[in-house]
Amino acid sequence: MSALLQHPAPHLRPMHEEDVPGVMVVELLNYPYPWTEGIMRDCLRARYSCWVYEAGDRVIGYGILSAGAGEAHVLNISVHPDYQGRGLGRELMVHLLDRAREYGADTVFLEVRPSNRAAVHLYESIGFNQAGLRRDYYPAARGREDALIMALAL
């Protein structure tokens, strides 16, 4: 069997309700304090811009964006550990930024743990800058962790 058949090329598509279990696999692998299935389903019901990366029939990444009143917010983005380091996170962020532009957003915001250096580096390399700090935003092993608020003018 060829390598291409063993590892189908990832493609991006809108997320559907039936994708939530696969999205949760990625969520649980990447986050010590994951979102719940209910939160994921609420994002779909709220008609947020929800996307999945799929390889074959496997969800390998996802991104969720809310938009309104001239701004957008990246709510969640994640790539399966087996597929990290291949540029999929960057491609997914660029896709979400394109959707934000389509929705008429002037600015995109996100929160990120300062300890998530890879994510902070990715966001900075795309052009995000720190716009503020939310104290004790995230649960952590020893209490709470702050969140960097990052912003990108479109």
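In table form, for the structure just shown:
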| item | result |
| --- | --- |
| Flag for Y138 being under 21 Å from L12 (Cβ atoms) and of a type in the set (S, T, Y) | no |
| Condition check for L97: farther than 24 Å from Y33 by Cα, aliphatic (A, V, I, L, M) and either buried (at least 18 other Cβ atoms within 10 Å of the Cβ) or in contact with a Pro (Cβ under 7 Å, 6 or more places away or on another chain) (or both) | yes |
| Some residue of the stretch 14-29 being under 13 Å from the mean Cα position of the chain (by Cα) and part of a loop (DSSP other than H, G, I, E, B) | yes |
| Within the stretch 110-139, tally of residues that are within 14 Å of the chain's Cα centre (by Cα) and assigned to a loop (DSSP other than H, G, I, E, B) | 2 |
| Failed item in (1) under 22 Å from Y33 (Cα atoms); (2) in contact with a helix residue (DSSP H, G or I) (Cβ under 8 Å, 6 or more places away or on another chain), with V108 passing the rest | (1) |
| Test: residue in the stretch 139-152 that is surrounded by 14 or more Cβ atoms within 10 Å (Cβ to Cβ), more than 23 Å from P34 (Cβ to Cβ) and not β-branched (V, I, T) | yes |
| Subset of the stretch 30-85 (residues that are part of a loop (DSSP other than H, G, I, E, B) and touching a helix residue (DSSP H, G or I) at 6+ places or on another chain (Cβ under 7 Å)) | P34, W35, H80 |
| So D146, is it acidic (D, E) and under 24 Å from H11 (Cβ atoms) | no |
| Residue in the stretch 97-109 that is within 23 Å of R144 (Cα to Cα), touching a residue at least 12 places away in the same chain (Cβ under 8 Å) and within 13 Å of the chain's Cα centre (by Cα) present | yes |
| Residue among A55, A100, A118, A46 that alone is among the aliphatic types (A, V, I, L, M) and out of contact with any strand residue (DSSP E or B) (no Cβ under 9 Å at 6 or more places or on another chain) | A118 |
| Pick from the stretch 23-69, criterion small (G, A, S), surrounded by fewer than 19 Cβ atoms within 10 Å (Cβ to Cβ) and touching a residue at least 24 places away in the same chain (Cβ under 8 Å), ranking: farthest from V112 (Cα to Cα) | G56 |
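Every number in this text was worked out from the coordinates using simple rules, so none of it is lab data. Please read these numbers as outputs of a predicted model, since none were measured by experiment. Every residue, glycine among them, receives a Cβ derived from its backbone with ideal geometry; neighbour counts consider all protein chains shown.
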